[in-house]
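Everything below concerns the one structure shown next.
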Amino acid sequence: MRSHYCGELNTSFIDQEVTLCGWVHRRRDHGGVIFLDLRDRNGIAQVVFDPDTQDAFNLADKVRNEYVIQVTGRVRHRPEGTVNSEMKTGEVEVLGSALEILNTAATPPFQLDEHVQVGEDIRLKYRYLDLRRPEMFEKLQVRAKLTSIIRQYLESNDFMDIETPILTRATPEGARDYLVPSRTHSGEFFALPQSPQLFKQLLMMAGVDRYYQIAKCFRDEDLRADRQPEFTQVDIETSFMDEYAIMGMAEGLVRQVFDDLLGVQLGEFPRMTYREAMQRFGSDKPDLRIPLELVDIDHLVKDAEFKVFKGPANDSKGRVAALRLPNGANLLTRKQIDDYGKFVGIYGAKGLAWIKVNDLSQGVEGLQSPIVKHIESQVMAVMEAVGAENGDIIFFGADRARVVNEALGALRIKLGEDLHLYKNEWAPLWVVDFPMFEDASEGNLTPLHHPFTAPACSVEALKQNPEEALSRAYDMVLNGCELGGGSIRIHQQDMQQVVFNILGIDEVEAEEKFGFLLSALKYGCPPHGGLAFGLDRLVMLLTGASSIREVIAFPKTQRAACLLTDAPGEVDNKQLRELNIRLRKPNAAE
């Protein structure tokens with residue numbers, strides 16, 4: 001039906017006859033000449049109808065936005081002074097000679113141009129219309145190109161694309177499973193996979209050696225801007241490669257993606273230990289574009305009269321840290337400082353102490369803050385430790401280390417965003433040497449990643465001191481966003497059993513949940529490891545989108561609902577009886 005896409009047209013087509021198909025993006029009537037901006041997946045072309053072609057002109061007069069039409073005409077230069085340099089086809093137009101209306105359209109619930117201002121709920125309800133907008137379609141194109149680059153890179157490195165099951169067994173991976181009742185096994189359930197973790201390890205045991213999959217994963221968890229109940233990850237696993245080789249391979253993939261899609265050279269990725277990341281930035285995914293760092297001052301305020309500082313400084317699980325904002329005293333108003341105090345409260349901080357540095361040459365007298373009088377003996381040493389200069393403002397966090405890290409780490413990001421402190425556009429890194437476990441409730445330990453991550457120590461060392469054990473895990477971080485993470489896996493049965501024991505998983509429970517894995521470990525399991533990239537997050541960063549909902553064709557809302565199809569929905573009693581399920585309606589109290 002078409003000879004060319006709209007976005008293809010340029011001056012090389014002058015005087016050629018073309019046939020275009022698409023949607024009417026905009027219609028304009030200029031004193032007897034009708035202009036139609038025709039849109040398809042490739043771009044927009046301007047089509048002109050004048051009264052000389054009476055039938056086509058009369059039909060063009062009836063056309064409205066979003067009508068589906070077919071146009072035939074001759075390509076010509078736009079008249080002098082009407083060239084649109086912002087359009088790919090802005091130097092040419094099509095003088096229409098024939099027009100056919102293939103379908104009419106009702107008035108859309110919102111305008112489909114780049115200036116659309118409409119609530120996300122409306123956009124999601126009419127997603128098929130929202131995706132017609134060029135800026136939305138471009139995101140889908142980036143996503144498609146990205147997956148193509150990933151496949152080419154991995155397959156050129158001898159990775160095989162292998163599908164793993166969607167209906168599987170529920171396994172503990174840190175989030176709630178989506179459960180699927182079985183009709184043929186009454187009272188039993190499948191689970192949708194949170195990741196293909198166990199299956200890709202089994203593929204290594206099967207001798208596949210190098211596996212990848214662009215896999216759908218499902219997690220029933222509370223949602224944020226970068227979370228969805230169903231999401232896509234680039235899943236990779238390989239045998240006989242250590243963590244350094246795996247990181248090098250993954251780094252090469254991401255560099256290839258940025259070079260091909262954005263023309264950006266990321267270079268080598270620096271490596272930073274988890275301990276250093278938490279100490280300097282309060283986060284295990286630090287945004288290195290922001291030149292602000294946390295500085296420990298516990299040792300300086302242990303003997304201070306100020307109990308807010310003294311208590312955490314003398315607590316083995318506490319932390320007192322400072323965050324220096326250069327020229328902050330001149331940048332921030334008192335109201336803004338108070339607002340930042342409210343902001344850190346979101347992360348459990350009881351307040352935000354601060355000191356304005358007016359004139360260091362005057363000593364304590366040159367400092368302005370309600371807390372100075374309480375740390376008068378220590379304050380100049382603190383100023384020296386943080387590298388304070390005139391005009392700075394110093395923020396302080398004092399609490400349990402976790403609270404301080406989360407509060408000041410978030411404040412650092414917030415200041416970077418609000419004050420545009422970014423020193424470069426892209427800042428990738430690897431975070432390595434994660435703890436094997438973290439404290440859960442009542443002194444129990446839980447895996448920081450998952451229970452199949454290999455420790456960086458021997459079985460005996462792990463048994464003797466699990467709290468201090470490091471793992472062979474690694475996370476790739478870009479601009480403060482965790483792009484992907486992975487680890488070397490446990491490939492020996494005795495080590496896996498010790499990890500289960502530390503986590504309080506006894507032999508009966510281990511056999512019930514992971515018996516197939518433990519059995520496979522007996523039969524010559526190779527050393528192996530891998531990682532997974534969040535495809536949605538990567539597209540979000542590449543396109544500058546504010547949410548992964550912007551880069552998924554049909555996303556869910558933050559309440560895990562699909563407004564387009566009105567899912568989830570009820571099912572009839574016949575289906576429930578087939579599944580041997582009876583619903584219990586929650587009472588008002590619940």
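Coordinate-derived values only; no laboratory data. Because the structure is a prediction, the values reported are computed rather than measured. Please note: Cβ atoms are built from the backbone with ideal geometry, for glycine as well, and neighbour counts cover all protein chains shown.
The table below gives the values:
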quantity	calculated
Euclidean distance of C-alpha centroids, the stretch 9-34 and the stretch 53-103, integer Å	2
Distance from the stretch 114-143 to the stretch 215-289 (C-alpha centre basis), Å	27
Built amide H within the under 5 Å cut-off of Gln16, gap 5+	Val75
Equivalent-ellipsoid semi-axes of the stretch 468-517, from the Cα gyration tensor, Å, largest first	28, 12, 11
Relative contact order for the chain, counting Cα pairs under 8 Å that sit 6 or more residues apart, in percent	13
Alpha-carbon spread of the stretch 300-368, three principal axes, descending order, Å	36, 32, 17
Radius 14 Å from Cβ of Glu507, net charge of other residues (Lys, Arg +1; Asp, Glu -1)	-4
Range of Cα positions in the stretch 290-423 per principal axis (Å), largest first	37, 35, 25
Two-decimal ratio, the stretch 431-587, of alpha-carbon radius of gyration to 2.2 N^0.38 Å	1.40
Fraction of alpha-carbon pairs over 16 Å apart in the stretch 6-103 - percent	49
For the stretch 373-424 versus the stretch 545-574, the gap between their alpha-carbon centres in whole angstrom	41
For the chain, diffusion coefficient by Stokes-Einstein and Kirkwood Rh (Cα), 25 °C, 0.890 mPa s, µm²/s	86
Neighbour net charge for Cys525 - beta-carbon separation under 14 angstrom, K R +1, D E -1	0
DSSP-defined beta bridges in the chain - what % are antiparallel, rounded to 5	95
Cα-only Debye scattering, the stretch 243-300: base-10 log of I(q)/I(0) at q = 0.20, 0.23, 0.29 Å⁻¹	-0.89, -1.00, -1.12
Where GluC sites (Glu not before Pro) fall in DSSP loop in the stretch 396-495, at most 12 other Cβ within 10 Å	Glu425
Fully extended contour minus Cα-Cα distance, from Ser361 to Ile346, at 0.36 nm per residue	1.8 nm
Angstrom value of the Kirkwood radius, inverse mean 1/r, which spans all Cα pairs in the stretch 250-355	16.9
Cα-centre dipole for the chain with unit charges at Cβ (Lys and Arg positive, Asp and Glu negative), debye to 20	1120
Radius ratio Rg over Rh of the stretch 338-400, counting only Cα atoms, Kirkwood formula for Rh	0.99
Global geometry of the stretch 115-198, whether rounded, prolate or oblate, following the gyration tensor of its Cα atoms and the 1.5 cut on a/c	oblate
